[in-house]
1. In a loop (DSSP other than H, G, I, E, B) and closer than 19 Å to residue B:394 by Cα, is that true of residue B:330?
2. Just to check your reading of the model, which residue among B:256, B:308 is in a loop (DSSP other than H, G, I, E, B), exposed (fewer than 15 other Cβ atoms within 10 Å of the Cβ) and in the same structural domain as residue B:383 (by TED's automatic domain parsing)?
3. When you look at residue A:77, is it of a type in the set (Gly, Ala, Ser) and away from every other protein chain (no Cβ under 14 Å), yes or no?
4. The conditions are (1) surrounded by 14 or more Cβ atoms within 10 Å (Cβ to Cβ); (2) part of a strand (DSSP E or B), and residue B:161 fails exactly one of them. Which is it?
5. Those residues that are surrounded by 16 or more Cβ atoms within 10 Å (Cβ to Cβ), of a type in the set (A, V, I, L, M) and in contact with an Asp or Glu (Cβ under 7 Å, 6 or more places away or on another chain), I need them from region A:20-62; list them, please.
6. Before we move on, is residue B:456 loosely packed, with under 11 Cβ neighbours inside 10 Å and of a type in the set (Asp, Glu)?
7. Which of the residues that make up region B:507-548 are out of contact with any Asp or Glu (no Cβ under 7 Å at 6 or more places or on another chain) and polar (S, T, N, Q)?
8. Closer than 30 Å to residue B:300 by Cβ and without any contact (Cβ under 8 Å) to a residue 24 or more places away in the chain: which single residue out of B:450, B:404, B:418 fits that description?
Amino acid sequence: MSRNDTVRILIADDDEDDLMLIADAFKESRLMNPIDFVKDGEELMHYLRKEGQYADTGDVPLPGIILLDLNMPKKDGRTALKEIREDPKLRNIPIVVLTTSKSEEDILKTYDLGVNSFITKPVTFDRLVDVVKVLRQYWIEIVAIPANA
Amino acid sequence: MNTRTSNSGVTPDPADSDGQKTPDWEMLNAIDAGVAVFDPELNLVSFNRKYKELCGYHDSELREGLNLRELIRISMSGQSLEHDEIEQAIKTSTTRLLHGKQNFNFRTRNGNTITISRNPRPDGSVVETVHNLHLELGNSDVSALEHIARLAHTRMMLALDAIGDGFVVYDANDCLTVYNQQFVELNPHISDLIKPGAHYATMLRTGISRNGLRGNGQSEEEIFEQEMERHRNPGVAYERQLQDGRWIRIMEKPTEDGGTAGIRTDITELKNRELEVAKISGELTATSSHLDTALNNMVQGLCMFDAEQRLILCNRQYREMYGFSPEKVKPGMLLSDIMKYSISLGNYRDEDAELALKARHNPNRLAHRTTIKQYLRDGRVMAVMNQPMEGGGSIATYQDITKLERHEERLRAYNNQLARSNKELQEFAYVASHDLQEPLRKIEAFGDRLVKKHGESLPDEGKVFVERMQNASFRMRELINDLLGYSRVTTNAKPFEKVSLCHVIEGVKSDLQIQLQETGGEIAFDELPTLDADPIQMRQLFQNLISNALKFRKPDIKPVINISAEDHSVKSTSKGEVRYWRIKLADNGIGFDNQYKDQIFTIFQRLHGRLEYGGTGIGLATCRKIVERHNGVIDADGTPDVGATFIIDLPVEQEKSEYLQ
């Protein structure tokens, strides 16, 4: 699991509680990949473009996957998503959108957001752990394949 | 035969084969001159007594039909003249007649010298007058002679008869001398009295006493005096109505000889027409006054302008609406002057005055049917509708629409308010879905973490508290989701399409498979219709109703739900007959008392305690909302301990516009 573990995970969410729960769930599922957190869309773009407070992170590789909450302060997730999809350097990064409810997911699907998947933030911690496991199976391991090749 | 004549006089009756008679021979006999009339063949037609005397003829010698040549021969006989001389004289006389009037003196057989005058008439007949040479005839005599001679002429009398009017001549003694048939005709009540020499006064008096004249309640004497007065002062025409209803106009003129000549014209038709005209004009006046009344009792103000935009007429309301004085605003006033006057009265706010003047007087506007609104200084709003008339000019109506305008304003305000509150409701739905669920999810998640990670170290009471907390959180999630579903019936509606209710029920059956298995429930239905509906909402509707039926089952009896449909057409006043499907969903559950049946469709209303039967009290409210969105009606009929039946009427077809929603 060595190469897969190097895939960096970026979580963009302004909700401290969710960050804490997600981090716990990652720990619970024994996912050892490095995880970075950004609190809004602006910080997300700075992180990806290595600007502002991330100007000195030149040697840090781009994340292998982004978990994106659409409702964030300053630049919201939708705008950030659009910028990422228009940037040739960033457009190939898989993006999984985190939603609060199933119905919200229905609404979001009607927009052409160009996202790879939706994940409803689970109510119970056990479910959250399951989600993280699925996430790892479907995305992180698949993302790692090109790196191996 | 039309003309009357007296039978008196020595003159042989001059009636010839034509039977012509003249009334004048009697008078001709009375004058001091001889008169004879010859026809174009110069045969004697008639003559008076004096003629015979003055010419010295014997009774046996003179007779009608005798030729003038023969007469000359007779009168010259015995005067020792040669035959040739006589014949020459005859020839000269008759030839000269061809050239015109002859006047000559002649010595008769008995020694008198007479003046003979032969006057050829245009028709070829000849009138001969003779008088004594010594006798100086007065002008009036001569004129009377000629007058009489003329009248004596048969053809003249015929001509008189031929005219349509009655003609009459009275002499200086007011006695009838000449009249024609029409005169008699127009005096039917005294026709027996009409003959030459009859006295005017006698005829009049008799006529009045026989009711021949219609008086205006006057006495006979008064009528007589009035008529005599008129007759004595001729010259002015007057009208008189006969007993038989006919109207005649009488025109009399004094003649030179002191008599009176009169014309009577039958003016019945004219008079009737005149009366008709008077009647019509009376009716017109009445109509016009009706119109005035109608105009003045209109709610609207009304004006009519001619092509030059001058006022033709206006009603009272118009003047009252704008406070115009009737002395000032009257027909003939220019519209622009009326507007200026209206501005001077302060009807408009200063900033609107110029605008009003322009708008009202815009020639482009006047050529078409237009409506403008005037906002008056006192707050009133007037709708001025201008309509061009055929042939130029225009009609303007003025309506006070202040109330209407206020209502519209209020309606607009309500509409805005409604739109705002609808928007707020939608925003609430979003807030409920996202922002409310967010903290709730945390409560649940951290509660879950607490139980999972530290559950063992919690005292029993603490475990109960956490459990109750989690139950409350779960209920809240249920409520939020149901509320969201309720609000989405309108905010998340899909267009109508053909929906088979059989498919819908099958779908619901598979969704509720677990509950059906747990309860041993059965859903029975045979033929269900296809109708215009929102498929997702239909599924939601039947899912709610069926799960409701399963929930309120009787504890020991397997729930059975029967779904049936029947055609149920309803007469609607606005759309004629509308076809509905009546769908019945009957269960064998605990039922309910019908007195609560309105409550069950009300949001958050519950008939049972939460511990007894779960639920949020939103399900049936959502059902009603769905049915109403489909222009249908839902009702329920329950019997406690027997079951409940839900009755849903849904239109077979929806308006096309609903498809395009």
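The values are calculated or read from the model by the stated rules, or taken from the named source; none is laboratory data. All figures in this text were calculated on a predicted structure; none of them were measured in a lab. Every residue, glycine among them, receives a Cβ derived from its backbone with ideal geometry; neighbour counts consider all protein chains shown.
1. When the stated conditions are applied, residue B:330 passes them.
2. None of the others qualify; the one that does is B:308.
3. Considered against the rule, which asks whether it is of a type in the set (Gly, Ala, Ser) and away from every other protein chain (no Cβ under 14 Å), residue A:77 comes out as no.
4. For residue B:161, the exception is condition (2).
5. Passing the criteria: only A:45.
6. yes
7. Matches in region B:507-548: B:510, B:513, B:515, B:517, B:519, B:530, B:537, B:540, B:544, B:547, B:548.
8. Residue meeting the stated conditions: B:404.
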